[in-house]
1. From the residues in the range 67-92 that are more than 16 Å from D10 (Cα to Cα) and surrounded by 14 or more Cβ atoms within 10 Å (Cβ to Cβ), which one is modelled with the lowest pLDDT?
2. Of the residues that sit in the range 44-66 and are under 14 Å from L16 (Cα atoms) and among the hydrophobic types (A, V, I, L, M, F, W, C), which one is surrounded by the fewest Cβ atoms within 10 Å (Cβ to Cβ)?
3. Which of the numbered conditions does A194 fail, given that it passes all the others? Conditions: (1) at pLDDT below 90; (2) part of a loop (DSSP other than H, G, I, E, B); (3) aliphatic (A, V, I, L, M).
4. Answer yes or no as to whether V143 is of a type in the set (V, I, T), assigned to a helix (DSSP H, G or I), under 17 Å from R292 (Cβ atoms) and at pLDDT 90 or above.
5. Would you confirm whether any residue within the range 133-140 is free of Cβ contacts under 8 Å to residues at least 60 places away in the same chain, among the β-branched types (V, I, T) and assigned to a loop (DSSP other than H, G, I, E, B)?
6. Within the range 286-300, restricting attention to residues that are among the charged types (D, E, K, R) and surrounded by 15 or more Cβ atoms within 10 Å (Cβ to Cβ), which residue is farthest from G101 (Cα to Cα)?
7. Kindly establish whether R185 is out of contact with any Pro (no Cβ under 7 Å at 6 or more places or on another chain), at pLDDT below 90 and of a type in the set (K, R).
8. Mind checking which pairs have a first residue in the range 274-285 that is more than 9 Å from V164 (Cβ to Cβ) and of a type in the set (S, T, Y) and a second that is surrounded by 14 or more Cβ atoms within 10 Å (Cβ to Cβ) and modelled with pLDDT of 90 or more, Cβ under 9 Å, 6 or more apart or different chains?
Amino acid sequence: MPEPGTPTLDQLGIFLAVVEEGSFAAAGRRLNRAVSVISYGIANLEAQLGLKLFEREGTRRPVLTAAGEAVLADARIVAGGIAALRAKARGLLQGLEAEVGLAVDVMLPAERIAVLLRGFRAEFPTVSLRLHVEALGAVAARVLDGSAGLGIAGPVASAAGGLVRAAAGCVPLVPVAAPDHPLARMARLEPGAARAHIQLVLTDRSPLTEGRDFAVTSPQTWRLADLGAKHALLREGIGWGNMPLPMIEGDLMAGTLVRLVMPDHPGGLYRFYAVHREDTPPGPATAWLMQRFEDLGRGDPTEGLPEV
């Protein structure tokens, strides 16, 4: 049995035009070619594959055969791949990045990231994205080592040397505990009451702020590198700790966590900054992301809590 030949991209384009337009004449008008050229292209494609793709006899319009139906899906994949390759090449010729590396602070609300990245996909369909979610200094470390071109970092990490920064909003951090935790059961919390209980603290995995404590008031601490694990341990009543309000609003409503009214530790605003390296100006896609983070951040409430 002879092996099928390799069809040309032009032959596949003619095949798809006939399918989508419904006739050889309509495909010719779409491609600005004579009907005879369309017919010849289909005949050559059938000869290359060794398959009959259209039924032409007894019908005024070409109808796909079973073999034609089977080939159609692959033809569309090939054509789509070529279109994507050309779009990416066009973007690269215009200075568009092939890939954007984005590092975000774990405190940044996930909903905000999702909204921005949905818009990014629509605006830059040919640009790949690599997303890193990090804590504290690890965001700036990603930007400084070049694995991310843009970072959305907290107040301490964004102050690292070699970075350009712009304000990108904030999130309230509030002290919480499980409803059966001793602090949650107290009618009134006196100053210093939290020092007698374990505080769950997010720790840094990067050397930028390694060994430094942020918003730690208790001498008894458990240190975790993962905010999700901290959330789970808080709900289990193992300790108390600060959490970004958007992440635990559902818990507060359901009663699985309680906001602690602590006179000496009320929580505070955790500010975000969009950062990039001084020696690496952002490309078009990165600059678009940076501007959107800044725009959304302007709507964040900034009153009622001190800075952390």
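The values are calculated or read from the model by the stated rules, or taken from the named source; none is laboratory data. Note that the coordinates shown come from a computational prediction; the quantities given were computed from them, not determined experimentally. Cβ placement follows ideal geometry from the backbone for every residue including glycine, while neighbour counts extend to all protein chains displayed.
1. Step by step, filter the range 67-92, then rank; the result is G91.
2. V63
3. (2)
4. no
5. no
6. For the range 286-300, the residue satisfying everything is D300.
7. yes
8. If the second residue must be surrounded by 14 or more Cβ atoms within 10 Å (Cβ to Cβ) and modelled with pLDDT of 90 or more, the pairs left are T280/V143; T280/G149.
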